[in-house]
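Worksheet: one structure, shown below.
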Amino acid sequence: MLMARLPGNKFDLMATLPSHPIRWLMAARAAEHHPDVVAPLGSEAALARRYGELFGGETPTPEARAEGLAELAAAGWLASEGADPRRWRLTPAGREKVVGPYRRHLAEGFSAVQQRFAASAAYGAFCRRAFGCAVGQFSLLDAVQLETLVTATGVGPGDRAVDLGCGTGGVTRELARRTEASWLGVDLATASLEGARRDGAGLKNVAWQAGDLHALDLPRAAFDAVLSIDVLPFLDHPTQVVGHWRTLLKPGGRLVLLGGVALRREDFHKVGGTFRVVDFSRLEVTLWRRQKQAAAELRQAFEDEGNGDLHALLAGEAERCLPLAEAGRLRRFLYLWTGAGEPAVGSASP
């Protein structure tokens, strides 16, 4: 959510543009985790749309994009998909070439836009209408999912928990208030963490730390719960990264993941413990409909704040994602893994 370039040149995801080949690889990476209702995944049209969103300006001409993609294919960074030469996928070499720059620039972009949303009264009203709560979320987190997360973590006073990919920290602070456990919020964007520290100054059971979720500098077996919300699509090696996150848990601790990536059950079963899934896919359809309606109702409120570009981002996202969700192309799951005992949360198969 909230990854596109904002209209009106108020915000550009890439403040310092990388070379053209890297830009195309970043577009290919963005197309992987940001489906397009118009252009099929991997198509030249999808890559061109993501290129335009990431770097601004008009989308490249067919001639320019054909030249750029051919250059990447020759370098072994992109490969044509099957027999269709107009559909592309990142190769392992291409992925390794782009993941570091892409993560850094994406974190910078998210940080800038999150801070603007956090300061917007209209966005607070939008969240209350669309999601039934306004806790500084920048995802489809609603009141139902939030309550499920609190139960799933199973933490309370005296426990330690970590929120990986906390952004500006609104959800982390809400979890700290509700559970009374000690929470650590971790994010790659230092600017977001500065806002989190400022807004959470009155809470003694919350701390913040900068870190790359792919290579965390955190002690093993230190936490009673590890939580991550809508971060899975941005991980370059989800199975490996989540496997490392499990090492942060104390014996019997809980790993709670919320998002739209389907993880393999066998990756959890082979390490023992208990694995459960809650399927929120039907709820996701409802939430996109509510987001579309709330955006329509609050357009003037955003305009009055001078945040018309923020409104355009929310409305455009709902227009793009609602048809995908209704067609079953977007799914949403809560995963709960615990090393011992049965988790206190309902389950369903994805």
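Tabulated results
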| item | result |
| --- | --- |
| Wholly within the range 100-204, helices (runs of 4 or more DSSP H) carrying at least 3 residues that are more than 18 Å from the chain's Cα centre (by Cα) and closer than 21 Å to PHE333 by Cα | 143-153 |
| Scan of the range 245-285 for residues that are of a type in the set (Val, Ile, Thr) and out of contact with any Asp or Glu (no Cβ under 9 Å at 6 or more places or on another chain), ordered by number | THR247, VAL256, VAL261, VAL271, VAL277, VAL278 |
| Pair list, Cβ under 7 Å, 6 or more apart: the range 250-276 residue under 23 Å from SER139 (Cβ atoms), other residue loosely packed, with under 13 Cβ neighbours inside 10 Å | PHE275/HIS269 |
| Entirely in the range 263-337, the helices (runs of 4 or more DSSP H) that have 3 or more residues that are within 17 Å of the chain's Cα centre (by Cα) | 281-297, 308-326 |
| ALA121 surrounded by fewer than 16 Cβ atoms within 10 Å (Cβ to Cβ) and either polar (S, T, N, Q) or under 22 Å from GLU317 (Cα atoms) (or both) | yes |
| LEU227 in contact with a Lys or Arg (Cβ under 8 Å, 6 or more places away or on another chain), touching a residue at least 60 places away in the same chain (Cβ under 8 Å), crowded, with 22+ Cβ neighbours inside 10 Å and more than 18 Å from ALA119 (Cα to Cα) | no |
| Conditions (1) crowded, with 16+ Cβ neighbours inside 10 Å; (2) among the polar types (S, T, N, Q); (3) at pLDDT below 80; (4) in contact with a strand residue (DSSP E or B) (Cβ under 9 Å, 6 or more places away or on another chain): number failed by SER80 | (1) |
| Sole exception among (1) under 19 Å from GLY316 (Cβ atoms); (2) at pLDDT 80 or above; (3) not aliphatic (A, V, I, L, M) for GLU63, by number | (1) |
| Scan of the range 149-164 for residues that are farther than 18 Å from ALA221 by Cβ and among the hydrophobic types (A, V, I, L, M, F, W, C), ordered by number | LEU149, VAL150, ALA152 |
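Yes/no per residue for (1) modelled with pLDDT under 90; (2) β-branched (Val, Ile, Thr):
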site: HIS237; (1), (2): yes, no
site: TRP245; (1), (2): no, no
site: LEU248; (1), (2): no, no
site: LEU257; (1), (2): no, no
site: LEU263; (1), (2): yes, no
site: HIS269; (1), (2): yes, no
site: THR274; (1), (2): no, yes
site: VAL277; (1), (2): no, yes
site: LEU283; (1), (2): no, no
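The values are calculated or read from the model by the stated rules, or taken from the named source; none is laboratory data. All values reported here derive from a predicted model rather than from experimental measurement. All Cβ positions, even for glycine, are placed from backbone atoms using ideal geometry, and neighbour counts span all protein chains on display.
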